Each structure stands twice: as C-alpha cells, then as structure tokens.
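Each remark here refers to the structure printed beneath this line.
The values are calculated or read from the model by the stated rules, or taken from the named source; none is laboratory data. Quick caveat: nothing in here was measured; it's all calculated off a predicted structure. Here the Cβ positions follow ideal geometry from the backbone for every residue, glycine too, while neighbour counts run over all protein chains shown.
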Amino acid sequence: MSIDHTYHLVICGSVVPDPLQSLEPVVTQGKPGLKNELMLPMVLDPFVNHSLNEAAKLREATKDTQVHLVAVGPKAKLQQLMMVLAQKTAFNLVAVDAPAGGFIDSHTVAAALAEAIKAIPGLDLQKTLVFGGWSSASRASGTTLQLVGEKLGITEQFFGVDRLTPAADGGFTVLERVEAGQHLETQVAGAPAVIGWATGELPELPNNPKIGMMNMAKIMPAIGKAKAVDLASAGFSVVDTALPAEKRQTRVVKDMPAAAVAAEIKEWIASGKAG
Amino acid sequence: MESILVIIDAEEDKPLSGQALETLGAAAALSAIVKKEISVGLVGSGDLSKVATALAGAAAKAFTFSDAALKDPGYARDAFAAAKLVKASGAAWVLAPASSRWSRALPGAAERCGGKVDTHITSFEEKGGKAAAGRWYYRQRIFGKILREQGPWFMTIETGSFPKAAVGVGAAPAVTPVAEALPASRSKVLGLRSLSGGKQTIKPDAELLLVAGAGWTKTQKDGVKHAKEAEGLILAFLEKYGASLGSSKAATDLAAEGGEALTFMTQLHQVGQTGASPRHAKGLATCCFGEEPHVVGWRFINERRAIDLNANCGWAQGKADVLYVADVFEVFKELAK
Ligand SMILES: Cc1cc2nc3c(=O)[nH]c(=O)nc-3n(C[C@H](O)[C@H](O)[C@H](O)COP(=O)(O)OP(=O)(O)OC[C@H]3O[C@@H](n4cnc5c(N)ncnc54)[C@H](O)[C@@H]3O)c2cc1C
C-alpha cells in the first residue's frame, strides 16, 4: 500500500542499560546513579526500538516521509549505539550530549528534546508525528512524550500504541492499550500528534550494511555537533535508592507424583480465600 | 487554599472503581503528612454531583467537569478537563489513579498548570517535614523516593499500594461544577477492540496469575510437540480457577511468529522487562525458566510457585516460594479433575 501523503517523523529515544545486566544503585557526589554506569552495556530503549520499526514501515507506506531520531544521552554511548542502529533504517540523527538514566527528571529531558526538535531544519510541526516509547526501561514514568508534545503545542496524543493505520488523506487510526488486554481505537484527522509506542506488531528490522554506510556519513558529524545540556532540575531529587531486600527461601519439590503436586497446588489456590 | 485534589473519572449512576478509592486512600496518607484538606475532581459524563455526594467522608469539596464527550478516554479532552479542575481547586498536590486513562492525560494536565509530574507512586512518607513519594525505577529493580519543592505536584497512584478510603460516612462534599466547553477535537473514539480474538484471558482483578512459558509448546519427552493439548489444559485451568493469563516473552514471540504455539497469546500477556508487571495475590509459573528479564515483572505478585522440569531453573534461585520439579502436562491433567 502506498499513500500520497508526507509526514515528518520525529522519534525521541535514548539508551538504557542492557536488560540482562544486574543493576545496583549508588550515590556519587550526592547524585543517585548506577554502579559502573558508564561501563554498563547500553541498548536502545526497547519501546523506542519498536517505534523505530514502525517509523520505517510508515515511511515506506507514504511519500517523501523523513525520519529524525532525537537522542538525549551521553555522546560516547550514543556513538556506540549508532553502530548497530544505523544499519536498521535511514534516519537523521539529532544528538544532545547529556546524561541518560532513571533518576533524571523527565521535565528537563522533555525541555531538551523539545528544543532539539524545534531546531530541526525544515521540520513542519503541522505535519509532524512525534514517536517514542510510551515508557522507558529506566525511569519508566511514561511522562516525557506528553511534556514534549505540550511544549510543541501538540495536543492529540496516544500512548501504549500497538497499531497505527494511515489513510489516504493523511488521517489515521490508532489502537492504544487499555485495561484487561483490550485496545481503544481512535480515529485522528492527521498530524500533528504524539504517538507513544508499546510493542507494535513488527519484527526486528534486519541489518542492512548499505543503509548503515549511508547513515553513518551523516551520523558521525551529528554526534560531533551534539550540544552539551545540563539536565539538573531545581528542587527535584531522588533519594534512598535501594535494591529490594526480598529473596525467597525456595522450597524445591522433587520426585512428588503429579497427583500430589496438583493436590498441593489446589490447596494453595484455595488458601486465604474469603468464604 | 492549598489542598490535595484527587482526579477520578466518573459516570452518573456508576460506582467508583477500586482504583479510585485507593487513590483517595493515598490522598489520606499524603494528607496525614502535609496536613492539607482533600478535594475530588470528577471528570466524566452525566450528573456528577451524585457521585460527589457518595464520597462523603473522603473529601471536603468536589469539583466536577461533565461532558458527554468525556464518557470515553482521550488525551486531549482529559488533559483539558483535569487542568481546569486543578485550576479551579487551587490544589498543590494532584493525585489520580495510574489507570491507562490518567497515565496518559495527567502529565499533560501538569504541564498546562505549570506543575511537575511523577507516576506509579506506591508510598508516601515524611522526610524532613515534607512528603516523599516512593516508586520503582528500572522496571521494578530499584526503589527510590522523590522529593519536589516545586508544585503543583501531580502524581499517579499505582494500584494495590494504598488501602481503599472509606466513603459514605459524614458530610457530603460541597460541589462546584466547572462549566467550560471542551476544545474542538481532531480525534474521535471508535470503541474497544480485542486483538486476541474475543476470549478474555487477562483479568486484572483475579486472585491468581497463571504464566505459561515457551516450554508448553516445546518437544516433550515422547519426542513430539503438544501445542493443541497445551492450549486445552491452560484454558481449562483458567476457567476452573478463575485465573488471569500471562506469558513469557518467548511464548509471546512464538505465537506472533505462527507455527507450533499457544495461539491465544498476545503481546499484552507478556510479563517482564518489556511486558507488564501485573498485581495478583498469587502467581503460578509453568514451563517458564524464570530468567531475570521475565521475573522483574513479578515484583507485585506476593506468593509465587512454579512448575518446571529443570531443578536449576531461575525460580529455584530464591525467585519462587515453591518450585515443583515436575512435568506440567501431568500436573495440569490432575488439576483439571
Ligand atoms: C531486552 C530483553 C527484554 C526481555 N524482556 C522480557 C520480558 O518482558 N518478559 C520475558 O518473559 N522475557 C523477556 N526477555 C527474555 C528472557 O530473557 C527469556 O529469554 C524468556 O523469558 C524465556 O522464556 P521462557 O522461560 O518461556 O522460555 P525458555 O527459556 O525456553 O524456558 C522454557 C522452560 O520450559 C520448561 N519445560 C519444558 N517442557 C516442560 C514440561 N513438560 N513441564 C515443565 N516444564 C517444562 C523448560 O525446563 C524451561 O525451563 C527479554 C530479553 C531481553 C534481551
């Protein structure tokens, strides 16, 4: 399907620690962070990754749609990330050099993102769809995109999105996750809008070295130009960061006949129930 | 006057959700620290003054924003209405349930009121005479407490974190309707959809969560796969024990790829790092190794048991209370009796 319509796609997203890493909170110079934070392997925030897949699909389905990735994160980590990401799909990178982490206020991150978006040459906000993950794997607050949208004057916003279906006139429908495994379907007249993606429906984009080479020629200068921004937030602090103490004493039951296991489980399910 | 405003979606003649009452409970906990009065802000359709009256004892004042277009959730309309209620009430703290509706719209309302927002709050405590709000970071791996000096401070309250407020005793709150027209909208709600083909297997209110992992559709000891039988056993279990269904990422991915898989699994079932962190009193993991990216989604499951063939799986490492090293097919046939 091809649609004769152009969107300006802006993806907001940055790095998070690889989910397979163990994390330990530390306080350095009065600020909360993670032990060996700069040494931890980082990946693109998983829900942002989904939004990148969806952006690539939407670009293919439409005409002249361009994709901009706006990333606020430590320059060195962004550079490492780009080695992988550049091979996925064509995009322009706008990098902002700043810390990335769960204990940073989403208000300052949103302000940095909004400033960077406004400065993208040729971007028409009236045609813009701001993409991103509906919540990060670090702060997991699900607030940054709303704040970015409001700062850009975009009031149509959708979160936990698993599907966006464009129509010929530039309008589209979205499916947002709601309670009890259901989705809410909404029809939108068109851009501008903010779309916070959940998992979406697309497989991981394959690596394409040709796109990688093309991208990297633009990405390296973009990283070189990355402006350093201070994300400190007045009057905001996260304190007493700690790992949960909980570790269970697991009772491992072996060689019990299936009927006896089932009887124990039935008893457990029934226990503590009212009536 | 500075107060605590609790924003709730409401409909005439409909009882408030448990989540709404818990948020009022959270307001009571916050009020005990900051010593301020509690008001409610009702957003919805129909005559909301009746709903306000039913909140006697839990709030001193009520502000209502009623419009037929607010029956369904929608960011633009909800953020607008919530911001108007906050301005009318002059609140310094604004709480709302961490439901899909308010998780979306409350941050927008905060920005419109020049406020600050934090989400998924699970506790309040006093720190140096101020209220600190507790929440999880890094997908339930690290706990921390937030202090903010600038307000109004908007927060969504995580379910299952605070006791429900008692309502219907004492004086009814004084009701102030906020009469404003909603702005012209560029979006229209079409309705609810179910991508899993109709069968409702996710039940947030269930006492028990059953997690089905990828092992259910792997080659079994007789050398073949038994996906159809697995589906039958799982659905029978859900029915018989009123359980909600969750899955591991591996099981969800298999379903998305087609082939030998549990066909009713969707991404919404996935529990863990990139999935949900559901809240249930009990959880039973089956055919799921219990790797860390999966188990972080179990933070809010109190009692945990697992069935797996592998005595050295993740659940054995202090992640479950009991691990049954057993063949799930045999156990589930017994459980179906
Ligand atoms: C970035 C990232 C994010 C991730 N996010 C998530 C997430 O959100 N959620 C998640 O679940 N995973 C997540 N993972 C994946 C996770 O690391 C595991 O790969 C996944 O949880 C494995 O699923 P599983 O345990 O069902 O499958 P497997 O590891 O294949 O385990 C199957 C189990 O079934 C058992 N089994 C087989 N037959 C039987 C039988 N007859 N009776 C009893 N037991 C049997 C086996 O012993 C085995 O333990 C993530 C990984 C990464 C890298």
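Computed quantities for the displayed model
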| quantity | calculated |
| --- | --- |
| Unmet requirement for B:THR252, which otherwise passes all of (1) modelled with pLDDT of 95 or more; (2) more than 8 Å from chain A (Cβ to nearest Cβ); (3) within 12 Å of the ligand (Cβ to nearest atom) | (1) |
| Extreme residue, surrounded by the most Cβ atoms within 10 Å (Cβ to Cβ), among residues of segment B:260-277 that are within 12 Å of the ligand (Cβ to nearest atom), in a loop (DSSP other than H, G, I, E, B) and not small (Gly, Ala, Ser) | B:MET265 |
| Only one of A:LYS151, A:LYS118 that is over 12 Å from A:GLY196 (Cβ atoms), more than 8 Å from every other protein chain (Cβ to nearest Cβ) and out of contact with any Lys or Arg (no Cβ under 7 Å at 6 or more places or on another chain) | A:LYS118 |
| Single unsatisfied condition, B:ASP205 versus (1) facing another protein chain (nearest Cβ under 10 Å); (2) in contact with a strand residue (DSSP E or B) (Cβ under 7 Å, 6 or more places away or on another chain); (3) more than 10 Å from the ligand (Cβ to nearest atom) | (2) |
| Options A:ALA232, A:ALA217, A:ALA245; residue that is loosely packed, with under 15 Cβ neighbours inside 10 Å, more than 24 Å from the chain's Cα centre (by Cα), part of a loop (DSSP other than H, G, I, E, B) and more than 7 Å from chain B (Cβ to nearest Cβ) | A:ALA245 |
| Single condition B:PHE143 does not satisfy, out of (1) within 11 Å of chain A (Cβ to nearest Cβ); (2) buried (at least 24 other Cβ atoms within 10 Å of the Cβ); (3) in a strand (DSSP E or B) | (2) |
| Selection from segment B:1-14 of residues that are under 16 Å from B:ALA62 (Cα atoms) and surrounded by fewer than 17 Cβ atoms within 10 Å (Cβ to Cβ) | B:MET1, B:GLU2, B:GLU12 |
| Failed condition for B:GLU257, given (1) more than 7 Å from every other protein chain (Cβ to nearest Cβ); (2) buried (at least 19 other Cβ atoms within 10 Å of the Cβ) | (2) |
| So B:GLY232, is it within 16 Å of the ligand (Cβ to nearest atom), more than 9 Å from every other protein chain (Cβ to nearest Cβ) and under 16 Å from B:LEU284 (Cα atoms) | no |
| Residues of segment A:177-194 classified as touching an Asp or Glu at 6+ places or on another chain (Cβ under 8 Å) and more than 7 Å from chain B (Cβ to nearest Cβ), total | 4 |
| Hits in segment B:282-301 - residues which are over 16 Å from B:ARG141 (Cα atoms) and either among the aromatic types (Phe, Trp, Tyr) or more than 7 Å from the ligand (Cβ to nearest atom) (or both) | B:LYS282, B:GLY283, B:LEU284, B:ALA285, B:PHE289 |
| Criterion: more than 23 Å from A:PHE159 (Cβ to Cβ) and either surrounded by fewer than 20 Cβ atoms within 10 Å (Cβ to Cβ) or more than 17 Å from the chain's Cα centre (by Cα) (or both) - qualifying residue of A:GLN80, A:GLN126 | A:GLN80 |
| Filtered residues of segment A:1-20 (kept if surrounded by fewer than 21 Cβ atoms within 10 Å (Cβ to Cβ) and either touching a strand residue (DSSP E or B) at 6+ places or on another chain (Cβ under 9 Å) or among the aliphatic types (A, V, I, L, M) (or both)) | A:MET1, A:ILE3, A:HIS5, A:THR6, A:ASP18, A:PRO19, A:LEU20 |
| Residue that is over 20 Å from the mean Cα position of the chain (by Cα) and either of a type in the set (A, V, I, L, M, F, W, C) or modelled with pLDDT under 95 (or both), where the choices are B:LEU309, B:LEU284 | B:LEU309 |
| Qualifying residue in segment B:282-301 (condition: in contact (Cβ under 8 Å) with a residue 60 or more places away in the chain, more than 10 Å from chain A (Cβ to nearest Cβ) and farther than 28 Å from B:GLU158 by Cβ) | yes |
| Qualifying residue in segment B:289-305 (condition: more than 30 Å from the chain's Cα centre (by Cα) and surrounded by fewer than 20 Cβ atoms within 10 Å (Cβ to Cβ)) | no |
| Sole residue being in contact with a helix residue (DSSP H, G or I) (Cβ under 7 Å, 6 or more places away or on another chain) and surrounded by 22 or more Cβ atoms within 10 Å (Cβ to Cβ), chosen from B:ALA105, B:ALA98 | B:ALA105 |
| Residue in segment B:312-322 that is touching a Ser or Thr at 6+ places or on another chain (Cβ under 9 Å), within 7 Å of the ligand (Cβ to nearest atom), within 25 Å of A:ALA270 (Cβ to Cβ) and not in a helix (DSSP H, G or I) present | no |
| Test result for B:ALA105, under 30 Å from B:ALA181 (Cα atoms) and more than 7 Å from chain A (Cβ to nearest Cβ) | yes |
